[in-house]
Amino acid sequence: MSEVDDEDDFTPWTAEGAERLRVAAGEAGRALQRHAEAVGKLTSSSPSIELIEASNLLLPALLEVATAQFEFTGNSGPLGLLFSLEDEDEDEDDDEDEEENTTGISILQRRDYRVSDEDSIIEQGREAYLRVWPDDTDAEAAEDVTSLGRALYQLAHDAGSWDVLERVDGLRPTGGTLLVVANDETLGPDPDDWPEDLFDHDPERAIYRQSDSYD
């Protein structure tokens, strides 16, 4: 796993470290559930690559928990053993022909929600703003969060993830999908050079799809 570059910069047992660990654990729990749902849909006739791809999507979330725990405590715990899988992948990459082209990927994701109480969401967004900026006033929070979009941003900013929207009062998730597409032309550092339609893709280049539905 990645170590701290400078031991003098290693500061365990911080409130920020504890929060990162809690957020990472929440993300990993949801990733594990999505993994189980994806694998549960497989059959004996499913291509083996689908199981591998599902596992590969879960691994980063588990490694984030190990990393967060290491930075908080200095010990990566049992999940730290999973870093050996990354090391194995790196060894395999070293053995490959250096001239072999490696494709990029695009993760295209959509999650839909029914808005039942916009005023409540805006108020929750202002509360989230004050958690991020505790020295600011209610008036400043009201000045910043004046729309549904800004409220959703502040909620995600406070939680560290847009997954928080699944727990916001006034929003009800109705469905979602995630698509992994092989894409050699990945986005670069300058948004001005990005394509006009960021979600345009060739369906034949899709290498994994996951769909989530809600009652």
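Once amide H atoms are built 1.01 Å from N in the peptide plane, which residues 5 or more positions from residue 171, or in another chain, come under 5 Å H to H?
Correct list: 116.
Give me the net charge for the shell around residue 153: Cβ to Cβ below 13 angstrom, other residues only, Lys and Arg +1, Asp and Glu -1.
Result for the local shell: 0.
Quick one: longest stretch of the chain between exposed loop chymotrypsin sites (Phe, Trp or Tyr not before Pro), exposed meaning at most 16 other C-beta atoms within 10 Å and loop per DSSP?
Longest stretch, sites excluded: 14-198.
By how many nm would the segment from residue 81 to residue 13 grow when fully extended, if each residue of separation counts as 0.36 nm and the alpha-carbon distance is taken off?
Contour length minus the Cα-Cα distance gives 22.3 nm.
Give me the percent relative contact order of the chain, please, defined on Cα pairs under 8 angstrom at least 6 residues apart.
Computed over the chain, the figure is 20 percent.
How far is helix 15-40 tilted, in degrees, relative to the longest principal axis of the Cα atoms in the chain, given as a value from 0 to 90 rounded to the nearest 10?
So the inclination is approximately 60 degrees.
Could you do me a favour and compute the accessible area per residue for the chain, 1.4 Å probe, result in Å²?
Working: 14730 Å² over 215 residues.
Per-residue value: 68 Å².
Measuring from label point to label point, each 7 Å out along Cα→Cβ, what is the residue 202 to residue 150 span in nm?
Placing both labels 7 Å beyond Cα along the Cβ direction yields 4.3 nm.
Angle between the Cα long axis of helix 83-95 and the longest principal axis of the chain, 0 to 90 degrees, nearest 10?
It is inclined by approximately 50 degrees.
In whole percent, how big is the carbon plus sulfur part of the accessible area of the chain, probe 1.4 Å, protein atoms only?
Values: 7090 of 14730 Å².
Answer for the chain is 48 percent, counting heavy atoms of protein chains only.
Among 173, 12, 189, whose mean-square fluctuation peaks in a Gaussian network model of the chain (Cα, cutoff 10 Å)?
Between 173, 12, 189, it is 189 that shows the largest mean-square fluctuation.
Sort 121, 49 from largest to smallest accessible area, using a 1.4 Å probe on the heavy atoms of the protein chains.
49, 121
Please list, in chain and number order, the residues 5+ apart from residue 105 or on another chain whose amide H is under 5 Å from its amide H, with Hs placed from the backbone.
Here 183 satisfy the definition.
Helix 48-73: angle to the longest alpha-carbon principal axis of the chain, degrees 0 to 90, nearest 10?
60 degrees
Take every Cα-Cα distance within the chain, group them into 5 Å bins from 0 onward, and report for each bin the whole-number percent of pairs it holds.
The percentages, shortest bin first, are 1, 6, 10, 12, 14, 17, 17, 12, 7, 3, 1, 0, 0.
Rounded to the nearest 0.05, what FRET efficiency is calculated for residue 187 and residue 135 with R0 set to 41 Å and r the Cβ-Cβ distance?
0.70
The values are calculated or read from the model by the stated rules, or taken from the named source; none is laboratory data. Quantities reported herein were computed from a predicted structural model and do not represent experimental measurements. So basically every Cβ, Gly included, is an ideal-geometry build from the backbone, and we count neighbours across all protein chains shown. For the accessible areas, the whole protein counts, side chains as well, though only heavy atoms, and no ligand, DNA or RNA atoms are used. Shrake-Rupley method; radii C 1.70, N 1.55, O 1.52, S 1.80 Å.
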